[in-house]
Amino acid sequence: MQTITVLGATGSIGCSTIDVILRHPDKYRVFAISGNKQIDKLMKQAKQCAARYVVLSDVHQYDDAVKKAAEYQVDSEILCGPKALEEVSSAPEVTTVMAAIVGAAGLLPTLAAVRAGKRVLLANKEALVMSGALFIEAANQSGAKILPIDSEHNAIFQCLPDNFVYGNLAASGIKQILLTGSGGPFRTRELDTFNSITVDEACAHPNWSMGRKITVDSATMMNKGLEFIEACWLFGASVDDITVVLHPQSVIHSMVQYNDGSVIAQMGNPDMRTPIAYGLSWPERIEAGVAQLDFAKMQSLSFDSPCYQRYPNLKLAIDACASGQAATTRLNAANEIAVASFLAGKIGFNDITRVNEETLNGMEPMQVSSLQQILEEDRKAREIADGLVRGLI
Ligand code: NAD
Ligand code: MG
């Protein structure tokens, strides 16, 4: 029996996680769930999965949450604030933590789970992008098992050989990791119309239903850039080990190419319950509620290379990855500000790239290693990006 904390339970990944958990009451029980603003939804979930703790991210929400708990007849204990998120991620009773908070807000509770040696189901890619070396080192020290939930990384994980050596792909006969991406909603849109892209257009992903931030990141392909960095850390790969491949149908979720000419791909319908179920049940497999691929009905699969003129954010991220931790932390921070500003209608679609690029250009290269330095670079980059956004309004 695994005892699970679901961080970011009210989000897209959080809801899919609870869906899979509730299919297997003999295998999984919920310890704690967390949410940011949607208190009603969180209380409904608490009742549904009999969570022992319900955690809200802001301490000022306590009174409201207690009232709502009474209204929904929820017995769970209510906790609030960032420390509470870390506590329910590292509590001794907990075996497994689903890290599904979006953005940098997920870093500290996810790190707490890693340091406490939990089985960590990692959806929150931003945490790894911000703190890569520190995160992996913490897992090595505590013995935490990091299981990738991002569909691409979950696919790569499934395609790796049993004798895989972290950081030495050649020793396992691996030539390349092929990281696939659909190209988002603007793969064929005329480049000179990108300025007029609306929030609704950017939030309409052709294949996946996800939270708004990652959906915009998919439209700019910053998502693939963050995933590129994520893959480097998860598998100990270098920039030259990974090739991004456009695959508009999102049926193949990524591939590993071997030196004997074999390519192993993981396929499935685009439904996050598949990687979530694999993360929960690994090394076994469980029913996830996902429809099976029907090859007789499947459209043809196509592939292409991404063009950096169309997807400049992908290039920014790959360059930042080559440059090091300070650059990836800063890029992630700038992008969170830029995407939030785009979603709030303050800046245009092309301005996202502008804010990201100018934030990076506005900061001196440096080495970061401690958590304190990482948080400081994150803070400084947000300040610069905020200033750039104000200049664009
Ligand atoms: P979402 O916006 O649907 O949900 C985000 C969750 O985080 C919510 O529960 C929200 O309450 C919580 N949250 C937001 N801000 C917070 C804060 N400041 N403090 C504490 N909690 C906060 O996002 P999502 O699509 O579920 O994505 C979650 C993470 O998983 C992201 O890092 C994303 O990149 C990653 N991911 C998502 C998908 C997907 O299909 N949705 C796929 C791969 C990876
Ligand atoms: Mg992904």
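The values are calculated or read from the model by the stated rules, or taken from the named source; none is laboratory data. Note that the structure is a prediction, hence the values are computed from the model and not measured. So basically every Cβ, Gly included, is an ideal-geometry build from the backbone, and we count neighbours across all protein chains shown.
Structure notes:
- Of everything in the stretch 107-147 that is under 10 Å from the mean Cα position of the chain (by Cα) and part of a helix (DSSP H, G or I), the residue that is surrounded by the fewest Cβ atoms within 10 Å (Cβ to Cβ) is 127.
- One residue from 240, 319, 217, 294 being more than 16 Å from ligand 2 (Cβ to nearest atom) and in the same structural domain as residue 196 (by TED's automatic domain parsing): 240
- Residue satisfying all of: in the stretch 250-264; within 15 Å of ligand 2 (Cβ to nearest atom) and at negative phi; surrounded by the most Cβ atoms within 10 Å (Cβ to Cβ) among these: 253
- Scope the stretch 299-314; condition surrounded by 12 or more Cβ atoms within 10 Å (Cβ to Cβ), part of a loop (DSSP other than H, G, I, E, B) and touching a residue at least 40 places away in the same chain (Cβ under 8 Å); matching residues: 301, 303, 306, 310, 311
- Where residue 184 falls short, out of the listed (1) away from ligand 2 (no atom under 16 Å from the Cβ); (2) in contact with a helix residue (DSSP H, G or I) (Cβ under 6 Å, 6 or more places away or on another chain); (3) within 20 Å of residue 12 (Cα to Cα): (1)
- Answer residue from the stretch 203-228, given it is within 8 Å of ligand 1 (Cβ to nearest atom) and of a type in the set (Gly, Ala, Ser) and is nearest to residue 272 (Cα to Cα) among those: 209
- So residue 146, is it under 30 Å from residue 248 (Cβ atoms), within 11 Å of ligand 1 (Cβ to nearest atom) and touching a residue at least 40 places away in the same chain (Cβ under 8 Å): no
- Boolean, residue 378 is crowded, with 16+ Cβ neighbours inside 10 Å, acidic (Asp, Glu) and under 19 Å from the mean Cα position of the chain (by Cα): yes
- Filtered residue count, the stretch 240-274, keeping only those that are over 17 Å from residue 290 (Cβ atoms) and outside any strand (DSSP E or B): 8
- Residue within the stretch 127-148 that is away from ligand 2 (no atom under 16 Å from the Cβ), of a type in the set (A, V, I, L, M) and within 16 Å of residue 223 (Cα to Cα) present: yes
- Within the set 237, 277, 288, the sole residue that is among the small types (Gly, Ala, Ser), assigned to a helix (DSSP H, G or I) and at pLDDT 95 or above turns out to be 277.
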